[in-house]
Structures are given as C-alpha cells and as structure tokens.
Amino acid sequence: MKPQNIKSGEYTQIISGAKNVSGKGKEYLVRFYNGMIGEYMYVTEGTKIYWLEPGDYIGDKDKKMFATITSNNSEKYFVKNKIFRNTSPIGNGSIDHFVELENGKILATTIEGDLGYIEVSKKEYEEERWIERF
C-alpha cells in the first residue's frame, strides 16, 4: 500500500531540514502536496513544515499544523542526476540547479535552496527559468 502524502494548507513554510541534493551516492527525495501553490514539493527525508487551515489567522500560533515529511508519508523518489545550469542566475528566486529522478521527472530548486524542489516542464528546463510561477 502506498503512503498517503501530507497535504498542507495556507501559508505553508518549510521550517527545517530541507537540503539540496549533493549529487553523490544513492539519494532520494520525499514529497508533500503544498496546498498554497497547488503543487507537490520534493524535499529531503525529515524536512519539517507548518501551515494554516483556511480561515485561520497567521498570527495565531495555536492554529499552526505541523508535519515531518518522511518515507512513512511519501514514496521515495530516487535521484538519477544533479544537473547544473549553463547560464548565470539573476537573483535568489532563480533556478539554482535541476534534479533528474529515476522516474524521468525533472525538478528544480531556487538559489535560496531551502524551499525544496518543484517539478518543471521541459521548456522551463531548456530555458533555465520559471515560466508562469510564483
């Protein structure tokens, strides 16, 4: 039976543990559904996140929902290659590098690097930039 992915809500924040793939050895990522952006985020095992449910006030600390993303609540997505850019990035929100998974999906992360990875289209990969995102 496949693990059920965690689904976050509004104001999703990664609070600790997210790391970039090193490109050395057998590595894998796990994922959760980021309800704020409507996409899966791929992160390293043990990454901690929090979010608010719809209608909750961001300053109300008692309303925060916390979760740790692990292989208990996500399948493992094994890394095939780490792919560096051919061009220079223009800012912290630019794509830093790509990761090719063994299942053929291409993921990207920002220069900031602590936000996890998001699946990108072939065009985003070829042009080394986000298209209609954020």
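The values are calculated or read from the model by the stated rules, or taken from the named source; none is laboratory data. Fair warning: this is a prediction, and the values are worked out from it, not measured in the lab. Note that each Cβ is placed from the backbone with ideal geometry, even for glycine, and that neighbours are counted across all protein chains shown.
The residues on offer are 24, 19, and the sole one that is outside any strand (DSSP E or B), surrounded by 13 or more Cβ atoms within 10 Å (Cβ to Cβ) and not small (Gly, Ala, Ser) is 19. Can you name the residue in the range 78-115 that is within 14 Å of the chain's Cα centre (by Cα) and assigned to a loop (DSSP other than H, G, I, E, B) and, of all such residues, is nearest to residue 28 (Cα to Cα)? That would be 105.
The set of residues in the range 46-69 being surrounded by 15 or more Cβ atoms within 10 Å (Cβ to Cβ), modelled with pLDDT of 90 or more and either in a loop (DSSP other than H, G, I, E, B) or within 13 Å of the chain's Cα centre (by Cα) (or both) consists of 47, 48, 49, 69. Residue pairs whose Cβ atoms lie under 7 Å apart, separated by 6 or more positions or on different chains, with the first residue in the range 85-101 and under 15 Å from residue 127 (Cβ atoms) and the second of a type in the set (Asp, Glu) and assigned to a strand (DSSP E or B), are 89/96. Among residues of the range 8-45 being over 13 Å from the mean Cα position of the chain (by Cα) and touching a residue at least 12 places away in the same chain (Cβ under 8 Å), the one that is farthest from residue 118 (Cα to Cα) is 26. Which condition does residue 118 not pass, out of (1) in a strand (DSSP E or B); (2) of a type in the set (Val, Ile, Thr); (3) modelled with pLDDT under 85, if it passes all the others? Residue 118 satisfies all of (1) in a strand (DSSP E or B); (2) of a type in the set (Val, Ile, Thr); (3) modelled with pLDDT under 85 except (3).
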